[in-house]
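The values are calculated or read from the model by the stated rules, or taken from the named source; none is laboratory data. These numbers come from a predicted model, not from an experiment. For neighbour counting, all protein chains shown are included, and Cβ atoms are generated from backbone atoms with ideal geometry for every residue, glycine included. Remember, those area values only see protein heavy atoms, side chains included, never the ligands or the DNA or RNA. Shrake-Rupley method; radii C 1.70, N 1.55, O 1.52, S 1.80 Å.
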Amino acid sequence: MSTGTLSPGRAKIPQPTLRTDRYWVAPLITFVVFLAFIAYATFRAFQNDYYYASPYISPFYSPCISNNCVPMPGAGEVHFIGPWWGLSPALLILIVPLGFRMTCYYYRKAYYRAFWQSPTACAVAEPHAKYTGETRFPLIFQNSHRYFFALASLFNIILTWDAILGFRNAAGAWGHMGLGTLVLLANAGLLWAYTASCHSCRHIMGGKLKHFSKHPMRYKAWQLVSKLNARHMQLAWVSLFGVALTDLYVWLVAANVFSDPRFF
């Protein structure tokens with residue numbers, strides 16, 4: 001049975017919508033920014049170069065899980081993918097952050113509107129005659145968001161460790177800090193904030209609790225996460241820009257476009 005907004009039984013009006021505001025601006029901006037990020041991330045993933053400038057490693061290539069990475073002493077090399085993998089290691093690593101963001105509740109709304117016009121905006125008819133929700137292939141995989149949340153949290157730990165390693169110099173000695181250290185710390189902080197603001201995290205903290213008074217610690221955590229959850233959209237965007245700019249910084253330093261300024 002057709003249940004789309006243009007199916008029989010729906011209101012018959014000649015206009016696609018009665019809205020008079022520029023409702024199409026936000027989806028258009030989302031489309032352009034997403035497309036630009038996808039193009040940049042795809043290029044960097046296949047470039048397979050300029051992703052490590054000791055002691056900094058790009059978040060697109062961390063952790064190194066294949067043995068065809070450039071040598072990164074002490075930078076979290078975990079080579080459990082053997083020599084059979086001949087492509088860029090970033091193609092393996094980006095599965096988790098991409099899966100987490102693609103299944104994110106906010107991002108789903110954003111790219112459904114921007115790319116599929118499903119719908120373009122509230123009170124705007126979509127150009128689809130049928131609506132099946134997320135109950136069929138491939139959208140049924142959106143239900144894997146909670147699992148990607150767990151994996152993304154693990155990756156955040158690794159990226160936090162990468163930021164801590166930024167307090168070394170190129171020779172591996174501790175007690176040093178450069179601009180790249182701050183860049184990696186900011187990136188890790190933004191990713192933690194975005195992950196903690198996730199709806200799955202909020203449910204883990206306070207879901208299924210009938211009496212908050214009996215679980216004061218979880219209640220406090222739920223309150224904190226709820227405040228972040230109210231800013232989930234903003235954190236989603238800022239962290240997306242943050243991870244791209246962090247990769248760009250490491251790329252420029254690794255390519256000797258400029259030297260990393262050292263504070264001490």
With all protein chains modelled, accessible area of Lys214 [1.4 Å, Å²]: 140
Distance between modelled label sites at Lys208 and Val96, nm, 7 Å Cα→Cβ extension: 2.4
Extension gain (nm, one decimal) between Lys220 and Thr42, 0.36 nm per residue minus Cα-Cα: 60.1 nm
Helical mean residue ellipticity (222 nm; -39500 (n - 2.57) per DSSP H run of 4+; nearest 500) of the chain: -15500 deg cm²/dmol
The chain, dipole about Cα centre (Lys/Arg Cβ +1, Asp/Glu Cβ -1), debye to the nearest 20: 1420
Equivalent ellipsoid semi-axes, the stretch 171-264, via Cα gyration tensor eigenvalues times 5, rooted, Å: 37, 15, 8
Per-pair calculated FRET efficiency, R0 = 35 Å: Lys12 and Trp161 via Cβ, rounded to 0.05: 0.05
Hits among lysines - C-alpha to C-alpha of Lys130 under 21 Å, sequence gap 8 or more where chains match: Lys12, Lys109
Approximate spin-label separation Val32-Ser259, in nm, with each point projected 7 Å along Cα-to-Cβ: 3.9
Solvent-accessible area of Ile57 with every protein chain in place, 1.4 Å probe, in Å² to the nearest 10: 10
Cα long-axis angle, helix 179-196 against the chain (0 to 90 degrees, to the nearest 10): 30
Length released on extending from Gln234 to Asp49, taking residue separation times 0.36 nm less the Cα-Cα span: 63.5 nm
Acute angle (nearest 10 degrees) that the helix 25-47 long axis makes with the longest principal axis of the chain, alpha-carbon atoms: 30
